[in-house]
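> What follows is a single structure, and I will ask about it in a moment.
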Amino acid sequence: MTYTAYRTKEKIVVDGKLNEKAWALAPKSPRFVDIINGEPALYDTKVAVLWDDEYLYVGYWVEEPYVLATLKKRDELLFNENNVELFIDGGNTYYEFEINALNTIYEIFFIWKDAYKQGGKFDVPEFNVHERDAYTFGGNHDRISKHFWDGTHPRGLRWAFRDWDFPGLKTAVHIDGKVNDNTHIDKGWTVELAFPWEGMKWLANGRSLPPQEGDEWKFQFARYEKLISLEKNVGWAWDPTGSDDNHKPEKFTPVTFSKKFVEEL
C-alpha cells in the first residue's frame, strides 16, 4: 500500500497533542494489522505523515485502555514493553526509532555490511566500527542456532551503531488517561515526531533533501504491545512483513512526497 505525504503551511508544535489543523487534514493510514499475518490488530493504531522544508513530521494515534510504560533511560530496550516504532530505509542503510508513553526513545543506525567498504563513503569517523559502539546484527533471529552467524535476511549482516543519535530530532507524547494505573480505563496516547531533513544525509541515497515532487521513501510504521493477560508480545504495523523479524526494508511502506499543501487539497 502506498501513501502520499503532503506539505503543511502550518507551524507544527511538537507537543504530542496532534491538534494542529494540518493533522486533521492529513490522510491517515489504515488501522494497523498483525505484522506477521496481516490480520486485524486488537487495538487501533493509525499514523500520518506531513512535511515542510525543514522537517519530516510523523504522528501516531494509539488506542490503549491501560497505558503502561516503565523504561526512562534513553536507548533502553523499549521493544520489551509497549512502544511505537519508525524505520527509515536508506538503501545501504536504515534507521530504527522507538518511543514509549514516557517519551523515552531508542534509536539505532544500521549499515549493511556488504556496503561498508574500506575507503568507501561510510568509512568515516562517524561510523568507525573500532571506536564507536558498533555491533554486527543479523536480524531478530540472529541468536537462534540455525541463523546464529548470519541471520535470516538474504543480504546478510549489518553494522548496528547503538550510539548514533538523529541530529535535531524532536519528540513528544500526550497521554489521554493515567499512565501505569490499571484502575483507570484510558483512551490511549499520541506521538508527535519531527526529523530534520538535514539529519537524513546518510539515508537520502541520492534523493533530494527536502524531497522533490514524486520522490519515494520507504518507512516501516509499527507498534509492539505486551498483552499481559496472554503473556505475549505482539507486533502490529501498517504493512505486514510476514515475520516477527521487522528488519526487512524491502517490506516497508512506500511513501510518495507531494509538494501540494494539505491545507489546499
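What follows draws every value from the coordinates through simple rules; no lab data is involved. Computed from a prediction, not measured in an experiment: that's the story for all the values here. Note that we place each Cβ from the backbone using ideal geometry, even for glycine, and neighbour counts take in every protein chain shown.
> Take the range 56-73 and flag every residue that is part of a loop (DSSP other than H, G, I, E, B) and either closer than 20 Å to K259 by Cα or out of contact with any strand residue (DSSP E or B) (no Cβ under 6 Å at 6 or more places or on another chain) (or both).
Quick first cut of the range 56-73, residues part of a loop (DSSP other than H, G, I, E, B) only: 64-73.
Correct list: P65, Y66, L68, A69, T70, L71, K72, K73.
> Among the residues of the range 17-55, how many are touching a helix residue (DSSP H, G or I) at 6+ places or on another chain (Cβ under 6 Å) and part of a strand (DSSP E or B)? I'd like the intermediate steps shown before the answer.
Narrowing the range 17-55 to residues touching a helix residue (DSSP H, G or I) at 6+ places or on another chain (Cβ under 6 Å): 22, 25-26, 50.
Then keep just the ones that are part of a strand (DSSP E or B); that gives 50.
Looking only at that region, the number is 1.
> Quick one: in the range 97-121, which of the residues that are in contact with a helix residue (DSSP H, G or I) (Cβ under 6 Å, 6 or more places away or on another chain) and not in a loop (DSSP other than H, G, I, E, B) is surrounded by the most Cβ atoms within 10 Å (Cβ to Cβ)? Lay out the reasoning, then the answer.
In the first step, residues of the range 97-121 are kept if they are in contact with a helix residue (DSSP H, G or I) (Cβ under 6 Å, 6 or more places away or on another chain); the result is 98, 100, 106.
Right, trim to not in a loop (DSSP other than H, G, I, E, B) and you get 98, 106.
On the way: E98: 23, Y106: 20.
Ranking the candidates gives E98 first.
> Sticking with this one: What is the residue count in the range 85-110 for residues that are free of Cβ contacts under 8 Å to residues at least 60 places away in the same chain and farther than 30 Å from E64 by Cβ?
The total comes to 0.
> Same structure, new question: Could you figure out which of (1) over 13 Å from the mean Cα position of the chain (by Cα); (2) part of a strand (DSSP E or B) isn't true of L86?
Only one criterion in (1) over 13 Å from the mean Cα position of the chain (by Cα); (2) part of a strand (DSSP E or B) is unmet by L86, namely (1).
Yes/no matrix, rows are residues, columns are (1) surrounded by 14 or more Cβ atoms within 10 Å (Cβ to Cβ); (2) touching a Phe, Trp or Tyr at 6+ places or on another chain (Cβ under 6 Å); (3) without any contact (Cβ under 8 Å) to a residue 12 or more places away in the chain; (4) aromatic (F, W, Y):
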{"residue": "A5", "(1), (2), (3), (4)": "yes, yes, no, no"}
{"residue": "S29", "(1), (2), (3), (4)": "yes, yes, no, no"}
{"residue": "V49", "(1), (2), (3), (4)": "yes, no, no, no"}
{"residue": "D52", "(1), (2), (3), (4)": "yes, no, no, no"}
{"residue": "K72", "(1), (2), (3), (4)": "no, no, no, no"}
{"residue": "N83", "(1), (2), (3), (4)": "yes, yes, no, no"}
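> Let me ask something else. Before we move on, is K232 under 15 Å from the mean Cα position of the chain (by Cα), basic (K, R) and under 22 Å from R31 (Cα atoms)?
Details: under 15 Å from the mean Cα position of the chain (by Cα): no; basic (K, R): yes; under 22 Å from R31 (Cα atoms): yes.
Considered against the rule, which asks whether it is under 15 Å from the mean Cα position of the chain (by Cα), basic (K, R) and under 22 Å from R31 (Cα atoms), K232 comes out as no.
> Which residues, counting only those in the range 180-202, are under 21 Å from Y60 (Cβ atoms) and either in contact with a His (Cβ under 6 Å, 6 or more places away or on another chain) or surrounded by fewer than 18 Cβ atoms within 10 Å (Cβ to Cβ) (or both)? Outline the logic, then answer.
Restricting attention to the range 180-202, the residues satisfying the condition of being under 21 Å from Y60 (Cβ atoms) are 180, 185-197, 199-200.
Matches in the range 180-202: N180, I185, K187, T190, P196, G199.
> Next question. Hey, among the residues in the range 160-207 that are assigned to a loop (DSSP other than H, G, I, E, B) and of a type in the set (A, V, I, L, M), which one's farthest from the chain's Cα centre (by Cα)?
The initial filter retains those residues of the range 160-207 that are assigned to a loop (DSSP other than H, G, I, E, B), namely 162-169, 177-187, 201-207.
Going one step further and asking which of them are of a type in the set (A, V, I, L, M), we end up with 169, 179, 185, 203-204.
Working: L169: 13, V179: 22, I185: 27, L203: 14, A204: 16 Å.
The selected residue is I185.
> Pairs needed: first member in the range 190-210, charged (D, E, K, R); second member anywhere, assigned to a strand (DSSP E or B); C-beta distance under 7 Å; at least 6 residues apart or different chains.
Every condition considered, the pairs that remain are E192/G59; E192/A172.
> In addition: Tell me which residues, restricted to the range 127-153, are touching a residue at least 24 places away in the same chain (Cβ under 8 Å) and among the charged types (D, E, K, R).
Listed by number, the residues that qualify are R132, D133.
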